[in-house]
Each structure stands twice: as C-alpha cells, then as structure tokens.
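The values are calculated or read from the model by the stated rules, or taken from the named source; none is laboratory data. These figures come from a predicted structure and were not determined experimentally. Cβ sites come from the backbone with ideal geometry, for glycine too, and all protein chains shown count toward neighbours. These accessible areas exclude ligands, DNA and RNA; they are computed on the full protein's heavy atoms, side chains included. Shrake-Rupley method; radii C 1.70, N 1.55, O 1.52, S 1.80 Å.
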Amino acid sequence: MDGAALAVREEVPGLHSAWSRLRMGFISGPLDQMPYTTTCTREALQLFSPVPNVDKELINPSPSLMDVPYPKESVSLDFDALHHNLKVWHNPEFQRDTELQHFLTWVQKFPCACPRWLWGDSIVFHVYDPDYMRVILGRTDPKKSDEYRFLAPWIGYGLLLLNGEKWFQHRRTLTPAFHYDILKPYVGLIADSVQVMLDKWEKLTTQDSYLEIFEHVSLMTLETIMKCAFSYQGSVQVDRNFHSYIQAIGAMSNLVVSRVRNAFYQNDIIYRLTPDGRLTHHASQVIHQYTDQVIKLRKARLQEEGELEKIRRKRHLNFLDILLCAKMENGTSLSHKDLRAEVDTFMFEGHDTTASGISWTLYALAKHPKHQQSCREEIQNLLGNRTFIMWNDLQQMPYTTMCIKEALRLYPPVPSIGRLLSKPITFPDGRSLPKGIRVSPNIYALHHNPKVWSDPEVFDPSRFAPGSDQHSHAFLPFSGGPRNCIGKQFAMIELKVAVALILLRFELSPDPTRIPFPVPGIVLKSKNGIHLHLKKLL
C-alpha cells in the first residue's frame, strides 16, 4: 500500500495545479496523464463499491434465473458481491507482488506441476520438474500464449515470437553471429563498457551512500550489445538520449505483464482505447525510433566505398551485418519489417536479460561477503598486475563462474516461458495433457524446487563445482532444447567480464533498509530496485 501511495504521489507532483486547471475547464489535460492514479482509483472502487446494490423492477419477469425459480417482479443487483466474485476478478493469491512466493508454496505441495486459473476458461499449466521440462522443451510447440502475442507491437515477429519454418530459417541464418571467432574480440568491447560504468560509479558514490545499480547496468549492457552486435560507434552510457530507450523498455515490460493479468485488456481493439493501450503505442514508437536509427546508421556505413566488400570478405559477420548482407544479396529475403523485428528482439533480449543476471549476481555476492572475497582473490591471482581481461582468462575463473551460476539459479533472468501444446503430451511418469493446453515451463519454480535442489533458498556455489552431478534440465537460466537462447554464450561472457572487473574495483554490501523484492515479468526485476553500497578498493 505504501508503495502505491508513493507511486501516485510521484505521478502527480503538480496535483494542486492540475486541480486548478480542472476547475477552469481543462478536464482532459491532468486526468489523461495519471494512468497509475486512475488504476488505483478503479481498484479502490472495486474493493469498496460506493453503491453496494440497486433494486430493479422486472418488466417481463423470467420464470427462472440460472435454473433457480425467481417468481419476484424485482431483482437486486449486488455490485459489492460482483466486485468480490473470484469467478470475475483475479484471485488475490496471484497478484504480481506475491506470485513468486505462492509458486514456492505450490512447489512444496505439488513437486512436478500445477494448474493456474486466470479467468473464465483460461488456465495455464505450470511445470517445474526436470523430466517434465525435458519433454516440453524438446518439442517444437509454438509460443502462442498471450504474453508473447502482446509483445508483437513492440519487438515484432523475430526469433522470440516466430514459429515453424520461418523461425528455423532465421535461427539458421543468425547462428553464425555467435561463433567463437566472433565472440573473442567482444571481450575487449565489453570490458571498455564496464570501465565506463565503473568510472561513473566512482563519481556517484560517497563513503555512506547507496547506489541503485540496475539502470546503470542496463545502460552498460545496452552499450555492449550496440557495439558488439550492431557495430555502433559512440557511448550509450554518456548519451542521455538513450535513457528514454531504457525507460521505454521498462514501461513496455510492465504494460505487457499488466495486460496479461487483466481480463478486460485481452481484446486488441478495446486495449488500444485504454490509457495503457495509448502508453503501449507511445513506448513502442520510442523504441522503434532507436532501432530504426541503428539500422540506418549501419546501412549508411556499408554504403561507403569499399566497406561492403570488406565486410563480405570476412569469414564471420556480426548480428546486424548478417541481416543486412542477406538483404542486399537478395532483396526479398528480409523485408524491413523482418529486419527491424530481429533488431528490436535482440536489442531487448541482448541487454535487459543480461542486466538482470549481472545485477542479481552482484546482489547475491553483496549478501555473501565470503564468497565475494573468494571471487575477488581468484581474479586478482589470475590477472596479477593486469587491469584488463582476455579471452583465455574466462576459462580460468572456476569459483567466480560457480557463484554466477548459483546467482542465476536463485534469480533466473527469465522466470518463465510459454508454450501451446500442438499435440497431446505424455510425461515420463505416465501423466498426460491434451492438445491445446497452455503450459508454462516455470524456470523460477524449477530452480527453487526442493525435489531438485537441496536447501534451494541457500546460496551454495558448490552445487556447480566441476564434476557435480545434475539433471540436464535442472538448471535452465537460458531455457533449453532447440529454442534455447541463441546468445547464451555471449551472455555468460558478459557476466564473467562485468563481475570480475566490478569486484576488482569495489567491495559490495547490501542496503539493509531496501532489500530487493523480486517480481515476475518478462525479465526478473526488483520492485524497489537493487541498492548496494560500493566501497572503492585501493
């Protein structure tokens, strides 16, 4: 409740002046710009109906109502009962803020899977058993849940949303962009971006201050993906214009999750008329402006004399050059719509998920100073007097890698994914589901399943010690099967480089007054941010 009050207060800092304008007749101005306040007002009216019931006279009395005799000539419309009817409104058990906690309770009671009712006949079957996961992820069922459909206006139909033969063609085309020979020089680019962030942190931190790190890490990972995958030249972290892109990404993520949970927002036409629908349209336009600019700049560069031939002579091309060269060789192979969809998809997935992984890893190490120090000593012994990291170093930091993996287990960047069963499925224990059922491989629940992990809430990097025995589908921070994350190697490289360089420069400790509160969404984030104290090391 306190958080909602604070959000309302922040949304309408000029509430008094807005009310003055309202009295003067400028009605649309202030009210149309208070979507969160409007949402809270509607929720209050739903909980506390100003008119609890109304009696109506029946002109043509019906002999029965819901098969119950009703001889009276009047009827009482009970609005209060309607507003608290669980068949109409979301079960409060599944409010976003407490959803992860409820899933952990369900995992204790149902160790393999459980259904979740949303509304009407809409049910999602959540799965978090490794054997169940292996069966589902080994198939090619389409991603046709609402959460994916609602992403289309934002990221289009790229690798994340495509299905069937077109997905296979795009995946096969883009896989060479993540060849090891392409990834090796990225280590230096990633390190450069991390150093820019650390220099900013030195200026921002004081002896007793705490810093909210997620937005800083997001800008750093965005800069990294822009340089590595899109050949961008410039500093995203210094250019404040890119802050609006980060904010638009955050807004879109929240709007999609909110829409999935709202029965009245399922229809596209109705949704476009709502305040959230208008915000979605605006945020999508902001995002597309940036991706269009990325494509335009790279196209212009390739048109320079000799540049295109130089690119074509390369054995391995980066992500955007593969797309652009394929289009230039055959104009019908990739339309601008398809090209922008892939760029939108990878700009989002390539920075937001990695930012989540890095931020939660730093928080986990801040909470566990002994593990943090062990990682720091491992990196110091590896690098010696060097302040930079090379490709060969990445395979020589086993303890740091163990800690990163354990953090990804506790805080998987993508907490759940969705599938629509295209045919019946039978699990190894004999249980089955029919065609047409929506299933959600729940990675967060899998990683916290006591049947799979002993003491799952304990941070224990030894789970990932060399030679440890794990089920192939017990740890899935990048999903699994043929539709796993195409950039998982790139993400792990970035995680290792960022964590290593940060630990060399700073000692981390958590803010005891602002403990991060993880909430589910497209990407796992903290409701109240991730605040850390950064102590500069000499």
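Residue separation of Asp429 and Ser235 scaled by 0.36 nm, minus their Cα-Cα distance, works out to 64.5 nm of gained length. Taking all protein chains together and a 1.4 Å probe, the residues Glu494, Glu212 rank Glu212, Glu494 from largest to smallest accessible area.
Ranking Ile522, Ile358 from most to least accessible surface, computed with a 1.4 Å probe over the protein chains only, gives Ile522, Ile358. Heavy-atom accessible area for Leu45, with the other protein chains in place and a 1.4 Å probe, reaches approximately 80 Å². Subtracting the Cα-Cα distance of His243 and Tyr180 from 0.36 nm times their residue separation leaves 19.6 nm of extension gain.
Amide hydrogen proximity for Lys525: with H placed 1.01 Å from N in the peptide plane, the residues at 5 or more positions away or on another chain lying under 5 Å are Val519.
Subtracting the Cα-Cα distance of Leu104 and Gln396 from 0.36 nm times their residue separation leaves 101.6 nm of extension gain.
Which stretch or stretches of segment 384-398 have amide N atoms under 13 Å from the point lying 7 Å from Leu504's Cα along the Cα→Cβ direction? In segment 384-398, the label zone of Leu504 (backbone N under 13 Å from the point 7 Å along Cα→Cβ) covers 384-394. When the residues Phe242, Phe264, Phe475 are ordered by accessible surface, computed with a 1.4 Å probe over the protein chains alone, the sequence from largest down reads Phe264, Phe475, Phe242.
Please compare each pair in Lys337/Lys423; Lys227/Lys527; Lys203/Lys296; Lys370/Lys496; Lys184/Lys367 to a cut-off of 28 Å on the Cα-Cα distance and tell me which ones are over it. Walk me through the intermediate numbers first.
Details: Lys337/Lys423 31 Å; Lys227/Lys527 30 Å; Lys203/Lys296 34 Å; Lys370/Lys496 18 Å; Lys184/Lys367 32 Å.
Checking Cα-Cα distances, Lys337/Lys423; Lys227/Lys527; Lys203/Lys296; Lys184/Lys367 exceed 28 Å.
Here the simple spin-label model places points 7 Å from the Cα toward Cβ, and for Trp117 and His336 these points are separated by 4.9 nm. Whole-Hz Karplus ³J(HN,Hα) for segment 358-369, in order, using 6.51 cos²θ - 1.76 cosθ + 1.60 and θ = phi - 60°, x for Gly and Pro? Once rounded to whole Hz, the list reads 5, 5, 5, 5, 4, 5, 4, 5, 5, 6, 10, x. Approximating the spin labels as points 7 Å out from Cα along Cα→Cβ, the Thr206-to-Phe388 distance works out to 3.5 nm.
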